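Some notes on the structure that comes next.
The values are calculated or read from the model by the stated rules, or taken from the named source; none is laboratory data. Keep in mind that this is a model prediction, so the values were computed, not measured. Note that each Cβ is placed from the backbone with ideal geometry, even for glycine, and that neighbours are counted across all protein chains shown. For accessibility, only protein heavy atoms count, side chains too; no ligands or nucleic acids. Shrake-Rupley method; radii C 1.70, N 1.55, O 1.52, S 1.80 Å.
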Amino acid sequence: FYRHRFRLKRDGPDSAAGFKKTSPSGRYEIKTTPGNTDIRTLQICDNSIGGYLKDVLTVKFCDCVWDADEKSFVYVSGRDGRIMDGATYVIRRHVLGTDQLRDTVLFESDEPMEDLWMMFESGGYLWFCRNRSSKYNIISALELASGQVQTILQTEDGLGYVGYYGNSLVFGSFIEQDMGEIVSFDLDSGVFTTLVPARDAAFDRAVIYGDSIYATYVRDGANELLRYNLETCGSNLIELPEQGGVYVDSMSSGELLFYIDTCVAGATLYGYDPATGKVRVVTPGQKPDFELDAQLVEYDAAEGWKSVIW
């Protein structure tokens, strides 16, 4: 259950609320309008003038990576007969001020049962991970200057991308541990190293901010939040003010922002200060006009497992 939940669950860019991808200087933002369709329209807002460029792109799903000079960006689009031929996906570069039909193709999949689920730029390369038929993952690097693509790593299914640190890719992995662990893959040596070993709670998801990994785990139907320092290799559980589902949002002014969603109120936004270990309420969750009560019940399930239900 946790393996497939981790690999398939997606937030952010493909949500019904739309997304925005800001350029390195903050001048431009790629935006989509909210909607419940997989066909999206991309527009580019120029924040320096407070208006939109003439560029309008039609894509199926989407993820984007800005080029460093902010004159262009790379995007991935699922192929769809309504907007282009084919049945898989293609990676293209769009130059600002040009028509989408002139976009350069950098990579296109020739495998019908292939899904691209991670893409980022670092060191002049576009890194992306493909999953084929839910059986194995392929991690590739596309050199942006030459357009050459090389396969860096191929593994069985069970890796979920977390981030890039130093010269390593960091993943949540269910390949060796059913409860999940966090591993790094050194791009020079090609060696995997375990960063955060499997725990007695099920790994859910993780992100990298600064020199730390912030990971959530599932225990008794609620999330735990763990901080792992990549410099010192030390880790600690962050004491949460309430039980519920935890979603790490962002890092702002040195503070980790995360939501806790409970059964009796809307999500509350909290801030965690890594220097002091203190957690504060940033924005309280909205409570209903009537009183609600939630209980955690434990029972013996089949084959001796302990199960819980709210």
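Under 5 Å between amide hydrogens, built in the peptide plane, is the criterion, and for residue 67 it picks out 72, 73, 74 among residues at least 5 positions away or on other chains.
Counting only protein heavy atoms and a probe of 1.4 Å, the accessible surface of the chain is 48% carbon and sulfur.
When +1 charges are put on Lys and Arg Cβ atoms and -1 charges on Asp and Glu Cβ atoms, the dipole computed for region 196-301 relative to its Cα centre reaches about 340 debye. Using C-alpha pairs under 8 Å with a sequence gap of at least 6, the mean separation divided by the residue count of region 149-278 gives a relative contact order of 12 percent. Near the amide H of residue 52, within less than 5 Å, lie the amide hydrogens of 46, all on another chain or at least 5 residues away, with H placed in the peptide plane. Annotation: extensible slack from residue 55 through residue 276 equals 75.0 nm (criterion: 0.36 nm per residue apart, minus Cα-Cα distance). Look at the dipole of the chain built from charges on Cβ: of 215, 262, 44, the Cα furthest out on the positive end belongs to 44. Loop-located trypsin sites (Lys or Arg not before Pro) in region 101-161 (DSSP state not H, G, I, E or B) with no more than 12 neighbouring Cβ atoms inside 10 Å: 135. Model label sites at residue 264 and residue 232, defined 7 Å from Cα along the beta-carbon direction, differ in position by 3.5 nm. Note on residue 113: accessible area approximately 120 square angstrom, rounded to 10, probe 1.4 Å, nucleic acids and ligands left out. Show which aspartates and glutamates lie in cross-link reach of residue 278 when reach means a straight Cα distance below 13 angstrom and same-chain residues fewer than eight apart are skipped. Within reach: 239, 255.
Relative to one another, the C-alpha centroids of region 139-212 and region 101-138 are positioned 16 Å apart. Put a dot 7 Å past the Cα of residue 143, heading toward its Cβ, do the same for residue 31, and the two dots end up 3.9 nm apart. Diffusion coefficient of region 87-174 by Stokes-Einstein, Kirkwood radius over Cα pairs, 25 °C, 0.890 mPa s: 174 µm²/s. The equivalent ellipsoid that matches the C-alpha gyration tensor of region 140-195 spans semi-axes of 23, 12, 9 angstrom, in descending order. Pairs from the table (20/60; 21/60; 60/135; 31/60) lying more than 21 angstrom apart at Cα are 60/135. Reported value for region 157-295: 115 Å³ per residue, from the convex hull of its C-alpha atoms.
Each principal axis of the Cα cloud of the chain was taken in turn, and the coordinate range along them, longest first, works out to 59, 47, 40 Å.
Pairs of alpha carbons in region 89-233 separated by more than 22 Å make up 46% of all such pairs. For the pair residue 71 and residue 43, the difference between a 0.36 nm per residue extended length and the Cα-Cα distance amounts to 8.6 nm. The aspartates and glutamates whose alpha-carbon is closer than 14 Å to the alpha-carbon of residue 54, local same-chain residues fewer than 8 away aside, are 29, 46, 99.
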